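Visitor: The structure that follows is given in the form of structure tokens.
The values are calculated or read from the model by the stated rules, or taken from the named source; none is laboratory data. Please read all numbers here as calculations on a predicted model, not as lab measurements. Note that we place each Cβ from the backbone using ideal geometry, even for glycine, and neighbour counts take in every protein chain shown.
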Amino acid sequence: MNASLPDSGHPAGCRIEIETRSPEQTEAVGAWLASVLPDGCAVALYGELAAGKTCLTRGMASAFGARRVHSPTFTLENRYGSPPRQLIHIDLYRLPGPSALPDLGWEESFDPGQGLSVIEWADRVQDLLPGFRVDVHIQHAGETVRKITVESAHPDITLPVPPVF
Ligand SMILES: Nc1ncnc2c1ncn2[C@@H]1O[C@H](COP(=O)(O)OP(=O)(O)OP(=O)(O)O)[C@@H](O)[C@H]1O
Ligand SMILES: [Mg+2]
């Protein structure tokens, strides 16, 4: 795994880039994020089909004791652990439209006492995302290679240097 700090225009600790070479490494990035992000923080995931959003989420959920993680389908969200050590996994792929968000308990999902949340297809509700979040972009960079960019969207969230595999 390679990490670089910082990028132009971003103070150190606000943006990191990581390259993973296997699903297991992407899961490890998720587990690392779960261990360093503050309570109440949301992780907004961006990336095309099969980029690795659920894979990264699986790694996050492992830090909350989950063994099996599948994307939520009809409910749009799954929960792992229990508050305050909880991960709320939201997948907006099947969201009919932003008006369906209140039914999902959208606002309540981001209470500090709820733990962490992670949102697949975050770009579908970009204007409604909580401000206390990190944005994680995952891009294909080869059959088993992914470029992951983690960027803090809030001044109170700083990112430590990620582990090197
Ligand atoms: N470095 C890597 N990181 C993550 N996944 C990888 C990597 N290399 C290969 N893969 C494969 O890419 C796929 C990622 O699937 P995953 O379900 O995590 O994607 P997704 O972004 O959630 O897709 P969807 O948009 O369908 O929800 C898996 O089949 C995984 O094995
Ligand atoms: Mg997915």
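Visitor: What residue, among those in the stretch 55-73 that are of a type in the set (S, T, Y) and surrounded by fewer than 22 Cβ atoms within 10 Å (Cβ to Cβ), is modelled with the highest pLDDT?
Guide: Selected residue: S62.
Visitor: What do you reckon, is L92 of a type in the set (A, V, I, L, M) and within 16 Å of ligand 2 (Cβ to nearest atom)?
Guide: yes
Visitor: Next question. Check the stretch 94-104 and report whether any residue there is buried (at least 17 other Cβ atoms within 10 Å of the Cβ), modelled with pLDDT under 95 and under 15 Å from the mean Cα position of the chain (by Cα).
Guide: Checking the stretch 94-104: not a single residue is buried (at least 17 other Cβ atoms within 10 Å of the Cβ), modelled with pLDDT under 95 and under 15 Å from the mean Cα position of the chain (by Cα).
Visitor: Continuing with this model, one more query. Of the numbered conditions (1) within 15 Å of ligand 2 (Cβ to nearest atom); (2) closer than 20 Å to F165 by Cβ, S62 satisfies every one except a single condition; which is it?
Guide: With respect to (1) within 15 Å of ligand 2 (Cβ to nearest atom); (2) closer than 20 Å to F165 by Cβ, S62 is out only on (1).
Visitor: (1) under 18 Å from P38 (Cα atoms); (2) more than 16 Å from ligand 1 (Cβ to nearest atom): which one isn't true of V118, the others all being true?
Guide: (2) is the only condition that V118 fails.
Visitor: Something else about it: Keeping to the stretch 40-79, report how many residues are more than 16 Å from ligand 1 (Cβ to nearest atom) and closer than 22 Å to P102 by Cα.
Guide: Residues in the stretch 40-79 being more than 16 Å from ligand 1 (Cβ to nearest atom) and closer than 22 Å to P102 by Cα: 4 in total.
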